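Below you'll find the structure, written out as structure tokens, and then a few comments.
The values are calculated or read from the model by the stated rules, or taken from the named source; none is laboratory data. What you see is a predicted model, and the numbers here were worked out from it, not measured in a lab. Neighbour counts run over all protein chains shown; Cβ positions are idealised from the backbone, glycine included.
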Amino acid sequence: MDERELLRTVPIFSELDEGDITSLAQLATRRHCAKDTVVFFENEEGDSFFMILEGRIRVTILGDDGREIILTMLGPGDFFGEMALLDNEPRSATAIAAEDTELLCLHRNDFQKVATKRSITAALIKVLTQRLRRANHQIQTLALLDVYGRVARVILDMAKEEGRRLKDGRIAFRRATHQEIANRIGTTRETVTRMLKDLERQGMISVDGREIVLGPDFEKAFD
Ligand code: CMP
């Protein structure tokens, strides 16, 4: 795929006309990040906007005790790094490649020019609104549920965001490490391991190779 076709795969650019896509393609550069590469750190000055072509990016902040808190995982078609360019504040979080990742980057000035185009502004606002909704949901999870409820809720969220429905209606999704689940909800890996064993014993979840499958009662119990 050439740069223009790649840009078309990024949803916020899908409405741009051919001329705009062509000029954007000349400005965008590609960057490969091997697994665990830090794209940028929280609090750094931001000079670029990034779109994910392949792979996954983990967006994290550090707790006072040095523990990593995962705000979100982003995948192909998602973008990140827009906040520092929109409000001229430092990076609000760290971005790390969770697997081998292919990015398209736009320099600050080029992003700022593109962001004023009507279709892009509208698409940006929509995505930022969805992110705020999701963040509110996370606040609710963290503030109102005990640790057992949080583990169950984060599993359901991951299943809905990344999973696929099986023919029998159950949802199968990527089996994240216990550390990743723990870092999403501010608990320890040991606690997650214990809770997942409990859920498995109750028949609420089952592990199938590299996937977790939610049992038929899971959604009813924890949604
Ligand atoms: P920026 O602040 O430039 O750098 C960190 C990026 O992480 C930020 O832009 C957003 O793109 C992304 N980000 C920060 N917080 C969240 C969140 N709660 N949900 C999704 N993405 C986020």
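For the stretch 27-46, residues that are in contact with an Asp or Glu (Cβ under 8 Å, 6 or more places away or on another chain) and not small (Gly, Ala, Ser) total 6. Could you list, ordered by first residue, the pairs with Cβ atoms under 8 Å in which the first is in the stretch 125-149 and among the small types (Gly, Ala, Ser) and the second is not in a helix (DSSP H, G or I), at least 6 apart or interchain? Every condition considered, the pairs that remain are ALA135/LEU71.
For the stretch 118-165, a residue qualifies if it is exposed (fewer than 13 other Cβ atoms within 10 Å of the Cβ), more than 16 Å from the chain's Cα centre (by Cα) and not charged (D, E, K, R), and the qualifying residues are ALA122, ILE125, ILE139, GLN140, ALA143, LEU144.
Among the residues of the stretch 81-89, is there at least one that is closer than 26 Å to ALA176 by Cα, within 10 Å of the ligand (Cβ to nearest atom) and buried (at least 19 other Cβ atoms within 10 Å of the Cβ)? Taking every residue of the stretch 81-89 in turn, at least one turns out to be closer than 26 Å to ALA176 by Cα, within 10 Å of the ligand (Cβ to nearest atom) and buried (at least 19 other Cβ atoms within 10 Å of the Cβ). Among the residues of the stretch 88-122, those identified as aliphatic (A, V, I, L, M) and either part of a strand (DSSP E or B) or in contact with a strand residue (DSSP E or B) (Cβ under 8 Å, 6 or more places away or on another chain) (or both) are ALA93, ALA95, ILE96, ALA97, ALA98, LEU103, LEU104, LEU106, VAL114. Taking the stretch 101-142 as the range and being away from the ligand (no atom under 12 Å from the Cβ), more than 25 Å from VAL154 (Cβ to Cβ) and either charged (D, E, K, R) or not assigned by TED's automatic domain parsing to the domain that holds GLY75 (or both) as the test, the residues that pass are GLU102, ASP110, LYS113, LYS117, ARG118.
Out of LEU53, LEU71, one residue alone is under 26 Å from LEU142 (Cβ atoms), surrounded by 14 or more Cβ atoms within 10 Å (Cβ to Cβ) and not assigned by TED's automatic domain parsing to the domain that holds ALA176. It is LEU71. When the stretch 17-48 is limited to residues that are within 16 Å of the ligand (Cβ to nearest atom) and aliphatic (A, V, I, L, M), the one that is farthest from GLU3 (Cα to Cα) turns out to be VAL38. Filtered by the rule that a residue be under 23 Å from ARG67 (Cβ atoms), without any contact (Cβ under 8 Å) to a residue 24 or more places away in the chain and hydroxyl-bearing (Ser, Thr, Tyr), the stretch 179-223 gives THR188, THR193. In this structure, MET51 does not qualify as over 26 Å from ARG4 (Cβ atoms) and outside any loop (DSSP other than H, G, I, E, B). Kindly evaluate GLY77 against the criterion of being modelled with pLDDT under 95, outside any strand (DSSP E or B), more than 12 Å from the ligand (Cβ to nearest atom) and within 21 Å of PRO11 (Cα to Cα). Judged against the criteria, GLY77 is a match. The number of residues in the stretch 99-113 being under 20 Å from GLU44 (Cα atoms) and buried (at least 21 other Cβ atoms within 10 Å of the Cβ) comes to 4. Scanning the stretch 5-20 for residues that are in a helix (DSSP H, G or I) and surrounded by fewer than 17 Cβ atoms within 10 Å (Cβ to Cβ) yields GLU5, ARG8, PRO11, GLU18, GLY19, ASP20.
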